[in-house]
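Peer 1: One structure follows; several queries about it will come next.
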Amino acid sequence: METLVVTFRMVVAPLGDCVLPPFTSKVTRTAFAALTGLPPKPPEKRAASFSVLFRGGRPLFRVLEPRGRGEPSGIELIARAGERLECRCSLLAREPPPLPRASARFRFGAAEMEAWVEQVEVARASEVRFEVPEKFVVRFLTPTLLPVPGRGPLLRERGLRRRYRLLPDLPLALALLAHDLRLRGLLDADPRRVRRWAELALAELDYRVRPVTALYTVREGRPAVERGFVGYVSYELLDPSGRELLSRLLGFAQRFGLGKSRGVGFGHVEVAPLA
């Protein structure tokens with residue numbers, strides 16, 4: 001059977017005022033497990049993507065700003081009783097998943113919450129598309145982490161941890177996504193050719209981008225952070241010869257994100273025609 005792409009659009013409502021985790025996709029995973037009975041971490045790597053929570057269209061994650069001696073600062077995320085927080089989970093499946101429960105209550109830390117599914121979308125992987133117009137905009141809603149292929153040995157030689165590109169590079173992001181999809185047998189395209197084509201075919205029209213440091217969690221009293229970029233870039237498609245491939249890649253990007261750590265909510269993007 002052909003691989004399916006299943007997207008659950010869910011709502012989470014705290015039953016009392018509570019503090020959310022710094023990167024709220026952890027709540028999304030817990031809600032998904034309560035509603036479906038499926039494990040919050042799929043056995044196959046990169047087979048699912050859990051978004052952060054959204055409040056009125058705004059993604060909820062904690063951004064840190066440096067303060068004296070490099071110590072991180074940031075405002076805790078507070079959720080109020082009964083407020084509506086939206087989230088999304090997309091997964092790859094060989095067969096349709098079980099129908100979710102109408103609603104479910106669950107605990108996250110000391111907080112009790114209720115969740116329900118508003119919509120379930122099921123599509124064959126070969127049919128996933130975003131119909132690309134001549135001009136479109138990509139909104140990077142959560143920090144996007146774009147690793148540069150081949151940079152790892154240089155980082156290890158210098159004893160540095162990960163470094164990601166802090167400028168939006170859509171050709172690189174598409175090539176990385178094409179590589180992952182090719183490994184799963186969902187796309188037959190050479191990532192290097194994808195990147196070369198996109199560098200010539202996609203012209204930037206406008207942008208507003210800034211780097212941010214997101215707090216993912218705290219381990220043994222020390223913050224675990226990732227630095228990426230958020231914002232938007234608008235593009236014009238100059239060469240329509242690759243429109244079909246671009247449509248497929250952007251269709252997957254809207255459901256699974258771009259860059260690294262998409263499964264936990266980084267690289268969440270929205271793509272739309274440019275008005």
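Peer 1: I need the shape label for segment 68-209. Rule: rounded when a/c is under 1.5, else prolate if a/b > b/c, else oblate, with a, b, c from the alpha carbon gyration tensor.
Peer 2: Cα axes put segment 68-209 in the oblate bin.
Peer 1: Additional query: Identify which of Glu114, Glu76, Glu220 has the largest mean-square fluctuation in a Gaussian network model of the chain, with springs joining Cα atoms closer than 10 Å.
Peer 2: Glu220
Peer 1: Cut-off is 10 Å between beta-carbons; in what order do Thr217, Thr3, Thr142 appear when sorted fewest neighbours first?
Peer 2: If I rank by nearby Cβ atoms, fewest first, I get Thr217, Thr3, Thr142.
Peer 1: Additional query: Based only on Cα atoms, what Rg/Rh ratio does the chain have, Rh being taken as Kirkwood's radius?
Peer 2: 0.97
Peer 1: Modelling each spin label as a point 7 Å along the Cα-to-Cβ direction, I'd like the Ser247/Glu134 distance in nm, to one decimal.
Peer 2: Distance between the two pseudo-spin positions: 1.7 nm.
Peer 1: To the nearest 0.05, what FRET efficiency results for Arg94 and Glu65 with a Förster distance of 51 Å applied to their C-beta separation?
Peer 2: About 0.70, to the nearest 0.05.
Peer 1: So what is the calculated 222 nm ellipticity per residue for the chain, using -39500 (n - 2.57) for each DSSP H run with n of 4 or more, over all residues, to the nearest 500 deg cm²/dmol?
Peer 2: Mean residue ellipticity, 222 nm, calculated: -6500 deg cm²/dmol.
Peer 1: Here's a follow-up. Can you grab the distance from the C-alpha centre of segment 1-43 to the C-alpha centre of segment 111-180, Å, no decimals?
Peer 2: 19 Å
Peer 1: Report the label-to-label distance for Leu160 and Val209 in nanometres (one decimal), using points 7 Å from each Cα along the Cα→Cβ vector.
Peer 2: Result: 1.8 nm between the two label points.
Peer 1: At 20 °C and 1.002 mPa s, what whole-number value in µm²/s does Stokes-Einstein give for the translational diffusion of segment 184-275, with Rh from the Kirkwood sum over Cα pairs?
Peer 2: The Stokes-Einstein estimate is 139 µm²/s.
Peer 1: Among all lysine pairs in the chain that are eight or more places apart or on different chains, how many have alpha carbons less than 20 angstrom apart?
Peer 2: Summing the qualifying lysine pairs gives 5.
Peer 1: I'd like to verify something in the chain: which complete DSSP H helices, judged by Cα projection on the helix axis, reach 18 Å or more and average at least 1.0 on the Kyte-Doolittle scale?
Peer 2: The answer, listed by residue number, is 170-183.
Every read-out reported here was derived from the displayed coordinates using simple, explicitly stated rules and does not represent laboratory data. Note that this is a predicted model, so its numbers are computed, not measured. When we count neighbours, we look across all protein chains shown, and the Cβ atoms used for this are built from the backbone with ideal geometry, even at glycine.
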